[in-house]
Amino acid sequence: MVHNKTIIHRISYLIGHLKGVKKMVEDEAYCMDIINQNLGVISALKKVNEQLLQSHVKTCVADALKSHDAADKAKKLEELEFVLHRMS
């Protein structure tokens, strides 16, 4: 399970990285350098989503599957299907 501290640290890193990209744009840095920095931001953000999804599956989804609430199970599985489709 991912701890909030880890996610907060990654998000703080992303905020700093984005501020750096903004400064590069303001300073009219070379376009390819900005694009490469943006790719780093995208990769880091994907990692945050992967960690959050892993935590969600191990907690919320696992709990729903263990329960006797068929509607909750169906809802959690629909959410997973939706987000996995969007992440691909």
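Quick notes on this structure:
- Residue in the stretch 12-20 that is in a helix (DSSP H, G or I) and over 19 Å from the mean Cα position of the chain (by Cα) present: yes
- Number of residues in the stretch 66-76 that are in a helix (DSSP H, G or I), of a type outside the set (Lys, Arg) and open to solvent by 90 Å² or more (accessible area, probe 1.4 Å) equals 0.
- Residue within the stretch 21-33 that is in a helix (DSSP H, G or I) and of a type in the set (Gly, Ala, Ser) present: no
- Tallying residues that are open to solvent by 70 Å² or more (accessible area, probe 1.4 Å), within 13 Å of ILE7 (Cβ to Cβ) and among the hydrophobic types (A, V, I, L, M, F, W, C) within the stretch 28-56 yields 2.
- Neighbours by Cβ (under 9 Å, 6+ apart or cross-chain): first from the stretch 39-67, basic (Lys, Arg); second part of a helix (DSSP H, G or I) and surrounded by 12 or more Cβ atoms within 10 Å (Cβ to Cβ): LYS47/ARG10
The values are calculated or read from the model by the stated rules, or taken from the named source; none is laboratory data. Please read these numbers as outputs of a predicted model, since none were measured by experiment. Note that we place each Cβ from the backbone using ideal geometry, even for glycine, and neighbour counts take in every protein chain shown. Keep in mind that these areas ignore ligands, DNA and RNA; they rest on the heavy atoms of the full protein, side chains included. Shrake-Rupley method; radii C 1.70, N 1.55, O 1.52, S 1.80 Å.
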